[in-house]
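S.K.: Attaching a single structure in structure tokens format; questions to follow.
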Amino acid sequence: MLDTVVIATDGSESVVRAVRIALDLTRRFDAEVHALYVVDAGEVESSPEKLRGELHAALESEGEEALESVRDHADRDVVTTVREGDPAVEIREYAREHDADVVATGTRGRHGENRFLIGSVAERVVRTCPTPVLTVRQLGSGEA
């Protein structure tokens with residue numbers, strides 16, 4: 001049984017399919033839906049100091065839009081949260097704090113060396129989260 005599903009979203013195209021699949025799971029199991037967006041503190045801190053405030057505000061706004069998109073596609077109430085920090089750490093901690101049964105996230109589906117060179121939030125969540133993680137690969141054009 002699934003009682004609580006956490007959908008980690010960054011609002012990107014690679015997450016759209018993951019949101020749809022996760023929401024389908026919540027319908028099938030009548031589970032509670034949590035949508036989480038994390039403002040990447042490292043991204044903010046690595047930007048020029050005079051731009052940090054604007055970048056932070058833009059990322060928060062992007063987060064609200066991403067969470068609104070999840071709410072728009074859901075047929076039930078969605079608990080939404082914006083956090084700040086390291087995305088993989090915040091996703092893992094949120095799932096633990098809310099006793100999630102599964103965390104759903106998208107991935108761009110990179111393979112081989114690129115996956116290791118670029119690193120991804122989804123990969124770090126899979127490796128460190130004690131909660132099962134459902135990763136949903138973004139389909140390329142022409143894939144069904």
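S.K.: Identify all residues within the stretch 90-104 that are among the aliphatic types (A, V, I, L, M) and farther than 12 Å from residue 36 by Cβ; write none if there are none.
M.R.: If we filter the stretch 90-104 for residues that are among the aliphatic types (A, V, I, L, M), which is where we start, we get 91, 95, 100, 102-104.
Answer for the stretch 90-104, where residues must be among the aliphatic types (A, V, I, L, M) and farther than 12 Å from residue 36 by Cβ: just 102.
S.K.: Looking only at the stretch 1-19, count how many residues are assigned to a helix (DSSP H, G or I) and either surrounded by fewer than 13 Cβ atoms within 10 Å (Cβ to Cβ) or among the hydroxyl-bearing types (Ser, Thr, Tyr) (or both). Steps first, answer last, please.
M.R.: The initial filter retains those residues of the stretch 1-19 that are assigned to a helix (DSSP H, G or I), namely 13-19.
Applying the additional criterion that residues be either surrounded by fewer than 13 Cβ atoms within 10 Å (Cβ to Cβ) or among the hydroxyl-bearing types (Ser, Thr, Tyr) (or both) yields 13-14.
Of the residues in the stretch 1-19, 2 are assigned to a helix (DSSP H, G or I) and either surrounded by fewer than 13 Cβ atoms within 10 Å (Cβ to Cβ) or among the hydroxyl-bearing types (Ser, Thr, Tyr) (or both).
S.K.: Inspect all residues belonging to the stretch 71-79 and state whether any of them is in a strand (DSSP E or B) and modelled with pLDDT of 95 or more.
M.R.: The answer is yes; a qualifying residue exists.
S.K.: Out of (1) assigned to a helix (DSSP H, G or I); (2) modelled with pLDDT of 95 or more; (3) among the charged types (D, E, K, R), what's the single condition that is false for residue 83?
M.R.: All conditions are met except number (1).
S.K.: Taking the stretch 124-142 as the region of interest, how many residues are part of a helix (DSSP H, G or I) and at pLDDT below 90?
M.R.: Total meeting the criteria: 0.
S.K.: Next question. Listed residues 61, 46; which is open to solvent by 80 Å² or more (accessible area, probe 1.4 Å), out of contact with any Phe, Trp or Tyr (no Cβ under 6 Å at 6 or more places or on another chain), without any contact (Cβ under 8 Å) to a residue 12 or more places away in the chain and of a type in the set (S, T, N, Q)? Even if it seems obvious, please write down each step before you answer.
M.R.: Numbers: 61 fails: open to solvent by 80 Å² or more (accessible area, probe 1.4 Å).
The unique qualifying residue is 46.
S.K.: Related question: Please go through the stretch 94-120 and pick out each residue that is outside any strand (DSSP E or B) and at pLDDT 90 or above.
M.R.: 94, 95, 96, 97, 98, 99, 100, 101
S.K.: On to the next question. When the stretch 32-75 is examined, which residues are found to be in contact with a Leu (Cβ under 6 Å, 6 or more places away or on another chain), of a type in the set (Ser, Thr, Tyr) and within 25 Å of residue 4 (Cβ to Cβ)?
M.R.: Correct list: 37 only.
The values are calculated or read from the model by the stated rules, or taken from the named source; none is laboratory data. Please read these numbers as outputs of a predicted model, since none were measured by experiment. Quick reminder, even Gly has a Cβ in these numbers, built from the backbone with ideal geometry, and neighbours come from all protein chains shown. Heavy atoms of the whole protein, side chains included, go into the accessibility calculation; ligands, DNA and RNA do not. Shrake-Rupley method; radii C 1.70, N 1.55, O 1.52, S 1.80 Å.
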